[in-house]
Amino acid sequence: MLKEKLSNYNIILASGSPRRQQFFKDLDIPFTIQLKEVDEVYPTALKGAEITDYLANLKAQPFDSLHDTDLLITSDTIVWLQDEALGKPKDAIEAFNMLRKLSGTQHEVMTSISIKNPKFQIITNDTTVVYFKELTDEEIKYYIKTCKPFDKAGAYGIQEWIGFIGIDRLEGSYFNVMGLPVHKLYKELMKL
């Protein structure tokens, strides 16, 4: 359905995330992957989804020679806990500290999507509330050792072991926590 709707566009996904790439395949959207290096730094005054909106837009900026038939899609995800953004951990120690902070709490996962063409840009976002059980140090260490969550905001993947045993409940989209609010992407693409 979406494939026919987008048949006049060349879809460019600017993401190295295997999860985001799989979502596009599962939606039956033909796409190419183009990556451009961006220093993911944002103004410290930004809060919550303002950060992901800013970063999704920042990731789109290096693509300055798009054609009218191009649709560039960029995205960014953060974990928002007690007025602090948790990005991707640099190492096992940082991952452990992030998961220790998340243990026994509720936090928000925010993902923004930018859909850009030379004539327009749409930025939308979604928020999911995630409730973690109290995790033991052994559970956290086991997860980090076996899953190496260094490419994931907040140092965890909901679709991995820690999600199976550690998440009590969600309010919002499961797929948003995986890194792409697929329902919002579909809605915006169907409007084109």
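The values are calculated or read from the model by the stated rules, or taken from the named source; none is laboratory data. The model shown is predicted, which means the values in this text are computed figures rather than measured ones. Cβ: placed from backbone, ideal geometry, glycine included. Neighbour counts: every protein chain shown.
Quick look at the values:
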read-out: Residue match in the range 46-66 (condition: surrounded by fewer than 15 Cβ atoms within 10 Å (Cβ to Cβ) and more than 19 Å from Ile11 (Cβ to Cβ)); value: yes
read-out: Candidates Ile113, Ile78, filtered to the one that is hydrophobic (A, V, I, L, M, F, W, C), farther than 13 Å from Ala153 by Cβ, at pLDDT 95 or above and crowded, with 18+ Cβ neighbours inside 10 Å; value: Ile113
read-out: Restricting the range 117-141 to residues that are among the aromatic types (Phe, Trp, Tyr) and surrounded by fewer than 17 Cβ atoms within 10 Å (Cβ to Cβ), the residue that is nearest to Leu192 (Cα to Cα); value: Phe120
read-out: Close pairs from the range 18-34: first farther than 21 Å from Met190 by Cβ, partner assigned to a loop (DSSP other than H, G, I, E, B) and aliphatic (A, V, I, L, M), Cβ under 8 Å, at least 6 apart; value: Arg19/Leu180; Ile33/Ala14; Gln34/Ala14
read-out: Members of the range 38-52 that are acidic (Asp, Glu) and either over 20 Å from Phe150 (Cα atoms) or touching a residue at least 12 places away in the same chain (Cβ under 8 Å) (or both); value: Glu40, Glu50
